[in-house]
1. By its C-alpha gyration tensor, with a ≥ b ≥ c as the square roots of the eigenvalues, how is segment 72-114 shaped: rounded for a/c under 1.5, else prolate for a/b larger than b/c, else oblate?
2. Report the residue, chosen from His26, His75, His18, that carries the largest GNM mean-square fluctuation when the chain is represented by alpha-carbon nodes joined by springs under 10 Å.
3. Per-residue ellipticity at 222 nm for the chain, helices alone: DSSP H runs ≥ 4 residues times -39500 (n - 2.57), over residue total, nearest 500 deg cm²/dmol?
4. By how many degrees, between 0 and 90 and to the nearest 10, does the Cα long axis of helix 109-132 differ from the longest principal axis of the chain?
5. When only C-alpha pairs under 8 Å and at least 6 residues apart count, what is the relative contact order of the chain, in percent?
6. Which ³J(HN,Hα) values, rounded to whole Hz and listed in residue order, are derived for segment 2-9 from phi using the Karplus coefficients 6.51, -1.76 and 1.60 in 6.51 cos²θ - 1.76 cosθ + 1.60 with θ = phi - 60°, glycine and proline given as x?
7. Can you list the lysines whose alpha carbon sits under 24 Å from that of Lys108, skipping same-chain ones fewer than 8 residues off?
8. In whole Hz, with x marking every Gly and Pro, tabulate ³J(HN,Hα) for segment 19-30 from phi via Karplus 6.51 cos²θ - 1.76 cosθ + 1.60, θ = phi - 60°.
Amino acid sequence: MRYLKAFLAGFAATLIFHQGLVALLHGAGYIPRVPYSFAPTAPFGVPQVLSLAFWGGLWGIPLWMAVRRKNGVNHWLMALAFGAVLPSLVAWFVVAPLKGLPLAAGWKPSALLLGLLLNGAWGLGVAILMKLAGGRR
């Protein structure tokens, strides 16, 4: 049951925290990327936001396994660090080449920072939602 909660927390954190931050940054004119994109993804044509949320759900499981036994500030810092770093590294060095994109967002500092910020917000969101769902440490 905890794994299901972690998946659902990761899925929801993508929609609320990750895409919420995209909406704020886009609305403020900092990024051109629009939130909640329903553009189809290859190969199955799933809307982009749902694909992203699904992967966020899968990532929610190892994030929760990594932070569930941490206490206090360490719990929140670990969720932030895990969220910011691990999914970003996979996106930069695994997903990007598979999609024919440059490694590590072309090493553009603003693009790298954006990935860390969005994924860090997601990580904190997972921890918050798991806390609200009664996830045990």
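Since every read-out is calculated from the coordinates, none of them should be taken as a lab result. Keep in mind it's a predicted model, so treat the numbers as computed, not measured.
1. Here segment 72-114 falls in the oblate category.
2. His26
3. -20500 deg cm²/dmol
4. 30
5. In percent, rounded to a whole number, it is 34.
6. The phi angles translate into 5, 5, 5, 4, 5, 4, 5, 5 Hz.
7. Lys99
8. 6, x, 5, 4, 4, 5, 5, 5, x, 7, x, 7
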